[in-house]
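Readers should treat all values here as calculations from the given coordinates under stated rules, not as data from a laboratory. This is a predicted model, so every value here is computed, not measured. FYI the Cβ positions are ideal-geometry reconstructions off the backbone, even for glycines, and counts take in every protein chain you see.
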Amino acid sequence: MDLIAKATAMVGGSIAFVRRMGAPSHQAFGTTPDIPAARKQGIMTLKMPAAEGWKDGHVPTCAPGLKVNAFASGLDHPRWIEVLPNGDVLVAESKEQAGPPKTLMDHAAQATMRRVKAIGKSANRVTLWRDADGDGVAEVRKVFVENQNQPFGMALVGDRFYLGNTDGVRVFDYASGDTALAGEGEKLVDFKPHGHWTRSLLVSPDGSKIYAGVGSLTNIADQGMEVEEGRAAIWELDVASGAARIFASGLRNAVGMAWEPVTGKLWTVVNERDGLGDETPPDYLTSVEEDGFYGWPYCYWGQTVDDRVPQDAAMVSHAVTPDFALGGHTASLGLCWMPDGTLPGFGAGMVIGQHGSWNRSKLSGYKLIFVPFENGKPSGPSRDILSGFLSEDEKLAYGRPVGVTLGPDGKSLLMADDVGDIIWRVTAA
């Protein structure tokens, strides 16, 4: 496998170098992005920094007026965070468990992902972290639940705790202050595993519904649409009855979700398709309409057809155009609403954890960013909250941002870093 990794890095680096010379000079960002025409790649660009981690006091770079510290460290690939009403912080520790590679491209892609610890043996647990003395550093660590199947999203409704495993949602009994869940829980809904495996969860404001993101199996339905049934969608689960249905579809990989308080709309961040160029198409932040269709796999950013895919003109005709482009292949995963007054110098808006690209000639993402909102919509360019996760020569990843949420005090952000194995805490300086 080391030989494959080295060969992939050499070949991928050569291809990326050539493609970088013709790459667009701008990123496709904002409400009216300049999206370059598709350039079919044939052999997909594979470029991934090696996982380095944080050493010798090195920490992410903060925006002016902010500071960052490690709230929790020594985790095993932390991906998602949930803050309980009593202030306990739950962290899902899991990673992709790749199946046997079927093609040379599969071998290459898996070798690339291993460089940054993105695939491998999964911890398959949720840990609980408690900052009892309020100093911004957790001193209590407990295993909240273990022996799960790539756990990710978490949600609490009353005394019932919901966990999004890759193969479905389980529910457990919970009482305030519990440091561990008892029993195996109850399976409520089944999801198809593998592919885009994360299953984020979000509770409706009234507590009656839970929304779950279920990504596609493949890039562009490469194995046909039958295996994609029930995927590339956001599901809605009725808490009282347990009934589940697809709420919105055509979302290749919708991960983070959040409620926008002015309009009450559901918003999500979506990872778009590969193989059409550095900036084509961009990942995006969008409001989600009930029964809305967002294009995948037939088209992107509205009705821009992907002619690599057998077409369905009727589906293309009513594809919804997303609200805000986030740049090509930034792997925007984490999402939370940040109220005005949370961090100095930042108003109300969405905070997004950009995990970072692996499939473009010039790497993108590797940041925690903020998109300001006014009257329920994005109102300006994005700004960096945390950066410095990538070395200047793009060869090393010190960390990779994933899930983000408000801290228990309401005056901080907590962000999972699955390369640094740290939960970072951002506050006023």
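In this simple spin-label model, placing a label point 7 Å from the Cα along the Cα-to-Cβ direction at both SER176 and ASN147 gives a separation of 3.1 nm. Distance from the Cα centroid of region 288-303 to that of region 129-206 is 30 Å (rounded to whole angstrom).
Between the amide H of PHE71 and those of ILE423, TRP424, ARG425, distances stay under 5 Å, these residues lying 5 or more places away or on another chain, with hydrogens modeled in the peptide plane. Summary value for region 295-429: 17 percent relative contact order, contacts being C-alpha pairs under 8 angstrom separated by 6+ residues.
Ordering VAL140, LEU390, SER361 by the projection of their Cα atoms onto the charge dipole of the chain, which places +1 on the Cβ of Lys and Arg and -1 on the Cβ of Asp and Glu, puts SER361 at the extreme positive end. Label sites at THR61 and GLU184, each approximated as a point 7 angstrom past Cα along Cα to Cβ, lie 5.1 nm apart.
Expressed in units of 2.2 N^0.38 Å, where N is the residue count, the Cα radius of gyration of region 291-369 is 1.39. Can you pick out the pairs among LYS117/LYS265; LYS67/LYS187; LYS121/LYS192 whose Cα atoms lie more than 31 Å from each other? Beyond 31 Å: LYS117/LYS265; LYS67/LYS187.
Toward the positive end of the charge dipole of the chain, with +1 on the Cβ of Lys and Arg and -1 on the Cβ of Asp and Glu, the farthest Cα among PRO381, THR263, ALA108 is that of ALA108.
What does the charge dipole of region 128-190 about its Cα centre add up to, to the nearest 20 debye, if the Cβ of each Lys and Arg holds +1 and the Cβ of each Asp and Glu holds -1?
Numbers: 6 positive and 12 negative charges, 22 e Å.
That gives region 128-190 a dipole magnitude of about 100 debye.
Consider all pairwise Cα distances in region 114-244 and report the whole-number % of them above 17 Å. Please list the in-between numbers first.
Details: 5337 of 8515 pairs.
So the pairs more than 17 Å apart make up 63 percent of the total in region 114-244.
Taking Lys and Arg as +1 and Asp and Glu as -1, the other residues whose beta-carbon sits under 11 Å from that of PHE324 total -1.
For MET257, enumerate residues with amide H under 5 Å from its amide H, sequence gap 5+ or separate chain, H modeled in the peptide plane. It is LEU335, by chain and number.
Under the definition of Cα pairs under 8 Å and six or more residues apart, what whole-number percent is the relative contact order of region 260-303? Don't skip to the answer; put the middle values down first.
Numbers: 37 pairs, mean separation 14.5, N = 44.
The normalised contact order for region 260-303 reaches 33 percent.
On the principal axes of its alpha carbon atoms, region 335-427 extends 39, 27, 18 Å, with the longest extent given first.
Each label was represented as a point 7 Å from its Cα along the Cα-to-Cβ direction; for ASN375 and ARG245 these points are 3.3 nm apart. Indicate the gyration tensor shape class of the chain (rounded, prolate or oblate), computed on the Cα atoms with a ≥ b ≥ c the square roots of the eigenvalues: a/c under 1.5 is rounded; otherwise a/b larger than b/c is prolate and the rest oblate. Here the chain falls in the rounded category.
For region 93-214, a simple Cβ point-charge model (Lys and Arg +1, Asp and Glu -1, everything else neutral) yields a dipole of about 680 debye relative to the Cα centre. What the Cβ-Cβ distance of LYS121 and GLN41 gives, at R0 = 35 Å and to the nearest 0.05, is a FRET efficiency of 0.65. For the options GLU186, GLU279, GLU236, a Gaussian network treatment of the chain with springs between C-alpha atoms closer than 10 Å singles out GLU186 as fluctuating the most.
In a simple Cβ point-charge model (Lys, Arg +1; Asp, Glu -1; nothing else charged), the chain has a dipole of about 1160 debye relative to its Cα centre. One chain, two ends: GLU289 and ASP307. Fully extended at 0.36 nm per residue, the span grows by 3.9 nm beyond their Cα-Cα distance.
What FRET efficiency comes out for the pair HIS318/SER25, r = Cβ-Cβ distance, R0 = 25 Å, nearest 0.05? The formula returns an efficiency of 0.15 here.
Whole-Hz Karplus values for region 26-36 come out as 10, 9, 7, 10, x, 6, 10, x, 8, 9, x Hz, taken residue by residue from phi with 6.51 cos²θ - 1.76 cosθ + 1.60 and θ = phi - 60°; glycine and proline positions read x. Taking θ as phi - 60° and the Karplus parameters 6.51, -1.76 and 1.60, the scalar couplings of region 307-314 work out to 6, 6, 10, x, 8, 10, 4, 5 Hz in sequence order, x denoting glycine and proline. Phi-derived couplings, Karplus 6.51 cos²θ - 1.76 cosθ + 1.60 at θ = phi - 60°, listed residue by residue for region 358-371: 9, 9, 8, 6, 10, 4, 9, x, 6, 8, 10, 10, 10, 10 Hz, with x used for Gly and Pro.
Highest mean first, the peptides 140-149, 331-340 sorted by other C-beta atoms within 10 Å per residue fall in the order 331-340, 140-149. Between VAL59, VAL402, VAL189, the GNM of the chain built on Cα springs shorter than 10 angstrom shows VAL189 fluctuating the most. Rg/Rh for region 161-222 (Cα atoms only, Rh after Kirkwood) is 1.05.
For the peptides 132-139, 198-205, the ranking by packing is 198-205, 132-139, with the highest mean count of neighbouring Cβ atoms within 10 Å listed first. Ranking GLY327, PRO408, ALA50 by Cα position along the charge dipole of the chain, where only Lys, Arg, Asp and Glu carry charges on their C-beta atoms, puts ALA50 farthest toward the positive end.
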